[in-house]
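Note sheet for the following structure.
Read the figures in this text as sums done on the coordinates, not as results from a lab. Since this is a predicted model, take the numbers as computed values, not measurements. Cβ coordinates were reconstructed from backbone atoms using ideal geometry, including for glycine residues, and neighbour counts include every protein chain displayed.
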Amino acid sequence: MKMRLAVDGGKPVRTRSFPTHMNTSGRTYGQEEKELLCQVVDSGCLNRFGGSMVLQFERDFAALHGMRYGIAVTSGTAALHLAVGALDLEPGDEVITSTVSDPGSIIGVLLCNAIPIFADSDPLTGNLLPESVEAQISPRTRAIMPVHLSGRPAPMDEIMSIAQRHGLIVIEDCAQAHLAEYKGKLVGTIGHMGAYSFQQSKQLSVGDGGIVITNDAALAQRARLYADKAWPRDQQPRDHLFLTPNYRMTDLQGAVGIAQVKKLPGIVQRRRESAAWLAALVKDIPGVIQAQVPAWEQSAWWTFPVWPDPDVLDVTAPRFQAALAAEGIPCQVGFMVRTLLDYTFIKERRTYGRSQCPWVCPMARPGIAYREDEYPGARKAVTEPVVIHWNEGIAADDVRDIAAALEKLATAFRR
Ligand SMILES: Cc1ncc(COP(=O)(O)O)c(C=O)c1O
């Protein structure tokens with residue numbers, strides 16, 4: 001039976017607020033975090049070099065991934081900056097990445113005076129298309145930065161094989177995909193470095209923070225220096241070796257991180273369970289397409305995407321999203337709301353004054369342009385899926401409400 005949609009003045013399926021990462025309903029902070037935070041405050045030193053929390057957190061996070069080194073910093077953007085900074089690139093060197101990401105993926109590249117080069121994305125995952133990556137390689141390419149978007153791993157076998165053939169470094173942007181698995185391997189452990197964000201919406205959050213993990217001793221050493229004004233603290237007299245920022249995480253964030261890292265497997269497990277419940281219900285709703293996740297892939301379920309099937313439903317993605325939101329289900333159109341090419345700072349090359357550096361740097365390859373027609377998959381990835389916000393607080397009754405709202409929309413919009 002067709003019911004009047006909430007967007008048209010009907011009664012919404014859900015009137016109670018949904019669990020959200022912005023408060024305790026969708027987060028897991030508790031006594032463990034409080035006790036460690038009190039230890040830091042009671043010690044009188046909140047800086048990482050006076051205490052031991054950040055050091056312990058770095059060890060715990062790296063160990064959870066079976067990796068040797070972890071360098072914790074103030075944000076995911078900072079983590080990606082030091083991963084790129086660790087490569088000691090020349091101005092005009094190029095890093096291939098995705099346009100379907102947060103600006104944090106490319107800010108560090110540009111701050112190194114290197115140039116982000118974009119490959120196209122799979123419209124159904126937003127992840128890099130290997131053939132497009134290969135097509136973008138130039139004599140100046142130094143690294144590939146796959147973004148494991150929305151919890152799902154990028155095609156790492158293909159990306160690693162391209163990198164090996166061309167002698168390139170691979171930096172995995174795992175900001176949205178904590179503990180996601182690709183063919184039995186955790187993301188962040190497959191390339192040369194893995195970078196994470198611990199901002200409020202991420203699976204593991206310390207409010208704001210980030211980390212780089214690696215098994216490469218030389219990259220780890222330079223990344224560590226890169227986060228600390230290139231200050232080798234064990235050397236006398238005091239020296240600063242090259243130009244870098246200060247991205248040091250405080251022991252307050254480290255304390256929360258230690259407690260959170262223990263909870264992370266459980267957090268991701270809960271996201272997987274609730275996603276599996278919704279997947280089972282959506283299967284029976286004609287006109288609502290869901291992601292096809294192959295058996296060798298374990299998503300970390302940062303979000304849950306669906307697509308209105310144009311053969312069955314007479315509705316656009318924006319209309320479907322507006323109607324779903326009106327039913328009380330938090331959601332957005334697109335894996336990211338825009339591509340990186342749509343942001344002013346990229347469109348207008350607003351970087352260092354009016355110079356348009358590094359694109360016009362004399363040391364850069366001339367004529368680098370980002371042509372919209374090169375990224376049809378990315379455009380679809382930001383305009384076609386209706387992406388339901390996800391978190392570990394989502395319970396069985398929440399999942400039932402989401403499914404009921406989808407069912408109501410599918411009935412209302414049926415052709
Ligand atoms: C894919 C991706 N990369 C990088 C970042 C940057 O992380 P942060 O916001 O912690 O700087 C984010 C976070 O928003 C992200 O989602």
Any chance you could count how many residues in the range 181-205 are polar (S, T, N, Q), within 11 Å of the chain's Cα centre (by Cα) and either under 19 Å from R68 (Cβ atoms) or away from the ligand (no atom under 12 Å from the Cβ) (or both)?
0
Taking the range 47-86 as the search range and keeping residues that are in contact with a Ser or Thr (Cβ under 7 Å, 6 or more places away or on another chain) and of a type in the set (S, T, N, Q), which one is farthest from the ligand (Cβ to nearest atom)?
N47
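Which ones in the range 206-221 are of a type in the set (A, V, I, L, M, F, W, C), more than 16 Å from the ligand (Cβ to nearest atom) and either closer than 15 Å to A255 by Cβ or in contact (Cβ under 8 Å) with a residue 24 or more places away in the chain (or both)?
Passing the criteria: A217, L219, A220.
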Looking at the range 52-140, what helices (runs of 4 or more DSSP H) fall wholly within it and have at least 3 residues that are without any contact (Cβ under 8 Å) to a residue 40 or more places away in the chain?
104-111, 130-135
Would you confirm whether any residue within the range 32-46 is in contact (Cβ under 8 Å) with a residue 40 or more places away in the chain, within 19 Å of E172 (Cβ to Cβ) and away from the ligand (no atom under 16 Å from the Cβ)?
no
In the range 156-180, what residues are within 24 Å of L64 (Cβ to Cβ), surrounded by 19 or more Cβ atoms within 10 Å (Cβ to Cβ) and more than 16 Å from the ligand (Cβ to nearest atom)?
I169
Going by the structure shown, is G194 closer than 19 Å to Q136 by Cα and among the small types (G, A, S)?
no
If we keep just the residues of the range 125-155 that are at negative phi and hydroxyl-bearing (S, T, Y), which is surrounded by the most Cβ atoms within 10 Å (Cβ to Cβ)?
T125
Taking the range 223-251, which residues are within 14 Å of T74 (Cβ to Cβ) and without any contact (Cβ under 8 Å) to a residue 40 or more places away in the chain?
D228, K229, N246
Restricting to the range 361-415, give me the number of residues that are of a type in the set (A, V, I, L, M), in a loop (DSSP other than H, G, I, E, B) and crowded, with 18+ Cβ neighbours inside 10 Å.
2
